[in-house]
1. Show log10 I(q)/I(0) for segment 26-274 at q = 0.10, 0.12, 0.14, 0.15 Å⁻¹, two decimals, from a solvent-free Debye sum over equal Cα scatterers.
2. Of the listed pairs Lys94/Lys248; Lys150/Lys244; Lys96/Lys248; Lys124/Lys248; Lys127/Lys248, which have alpha-carbon separations greater than 25 Å here?
3. Going by a ≥ b ≥ c, the root eigenvalues of the Cα gyration tensor, does segment 129-225 fall in the rounded group (a/c under 1.5), the prolate group (a/b larger than b/c) or the oblate group?
4. Quick one: which residues, 5+ away or cross-chain, put their amide H under 5 Å from the amide H of Trp268? H built at 1.01 Å from N.
5. Could you order peptides 191-198, 168-175 by the average number of other Cβ atoms within 10 Å of their residues, highest first?
6. Please compute the modelled spin-label separation between Phe247 and Val61, points set 7 Å along Cα→Cβ, answer in nm with one decimal.
7. Place the peptides 131-144, 80-93 in order of packing, highest mean first, counting for every residue the other Cβ atoms within 10 Å and averaging per peptide.
8. Compute the Cα gyration tensor for segment 124-167, then decide on rounded, prolate or oblate, letting a ≥ b ≥ c be the square roots of its eigenvalues: rounded whenever a/c is under 1.5, prolate when a/b is larger than b/c in the other cases, and oblate in all that remain.
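Computed from the coordinates by the stated procedures, all read-outs in this text should not be read as laboratory data. Model, not experiment: these values are computed from the prediction. Cβ placement follows ideal geometry from the backbone for every residue including glycine, while neighbour counts extend to all protein chains displayed.
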Amino acid sequence: MTMSPEMTSPSAAPDDSAALPSATLGGDSKRSIEQITLLLFITVPFLALLAAVPLAWGWGVSWLDLGLLVVMYYIGCHGITIGFHRYFTHGSFKAKRPLRIALAIMGSLAVEGPLVRWVADHRKHHKFSDAEGDPHSPWRFGETVPALMKGLWWAHIGWMFDEEQTPQHKYAPDLIKDPAIRRISRQFVLWTIVSLAIPPLVGGLVTMSWWGAFTAFFWGSLVRVALLHHVTWSINSICHAVGKRPFKSRDRSGNVWWLAVLSCGESWHNLHHADPTSARHGCCAVRSTPARG
């Protein structure tokens with residue numbers, strides 16, 4: 001399949017951008033610390049998600065555990081959708097510095113990789129959406145059923161472990177130049193630990209028991225992270241393979257209504273690709289002028 005690249009992201013940085021410091025511990029190297037961390041914190045929560053149903057049937061789940069799961073889920077989900085995506089990637093609205101930093105931390109609690117790497121990958125995705133150069137198009141291997149099945153796996157999770165990294169200095173120089181944002185991005189491992197530690201800390205203190213801390217960790221940390229991961233990745237895979245396309249775009253992005261609540265509106269994906277700088281997470285377009293604060 002050959003398609004014209006879509007240019008909806010900021011332009012490339014000047015030639016001297018390579019002089020900028022790295023915003024991730026591994027830089028643009030093929031095997032980075034962040035990739036190793038991602039592998040660990042993708043596999044373990046996923047195993048917990050698989051075990052969630054039989055374990056809930058066996059020992060039950062408390063309202064405290066469910067409350068921690070929901071609260072932490074939507075903190076991370078809004079950190080990704082409003083922060084990493086609409087604000088840092090597309091500049092859909094203005095934000096003063098305290099909010100800017102808060103959004104960076106909230107998104108980091110979702111355990112989806114360092115901020116600058118996330119933004120660089122997504123800006124590249126918009127530049128080459130569903131065309132050659134797109135980091136995670138499900139149409140990468142062709143349009144036959146076997147090729148699409150392989151492409152869906154690639155778009156959902158496989159692309160994150162590709163040896164070819166998106167050049168951060170080319171696609172996110174504005175974020176690298178901000179010392180506070182660069183520091184938060186480099187602290188991805190720290191924010192991962194914080195994200196996983198909050199539920200068991202709260203659960204243990206509320207119940208005053210190690211068991212309360214353990215169940216809170218299982219539901220509020222592991223299951224929550226796995227659920228948010230797969231909902232987010234479904235935007236890359238499912239929403240570029242199926243869904244309604246009422247808006248004109250140069251790719252195959254679709255609106256998938258049944259993912260809307262869990263994805264905080266991100267599954268209205270055809271709308272997003274038709275109007276990337278819109279701050280709206282809904283089914284109807286509202287034009288906005290990109291601006292950074």
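1. -0.49, -0.71, -0.96, -1.09
2. Values: Lys94/Lys248 27 Å; Lys150/Lys244 22 Å; Lys96/Lys248 33 Å; Lys124/Lys248 20 Å; Lys127/Lys248 16 Å.
Beyond 25 Å: Lys94/Lys248; Lys96/Lys248.
3. Numbers: a/c = 4.76, a/b = 1.55, b/c = 3.08.
In terms of gyration-tensor shape, oblate.
4. Amide H to amide H, under 5 Å and 5 or more residues apart or across chains, Trp268 pairs with Val256.
5. Values: 191-198: 18.2, 168-175: 22.6.
The most tightly packed comes first, giving 168-175, 191-198.
6. 3.2
7. Details: 131-144: 17.9, 80-93: 23.4.
So the peptides 131-144, 80-93, ranked by packing, come out 80-93, 131-144.
8. Working: a/c = 2.56, a/b = 1.43, b/c = 1.78.
Oblate.
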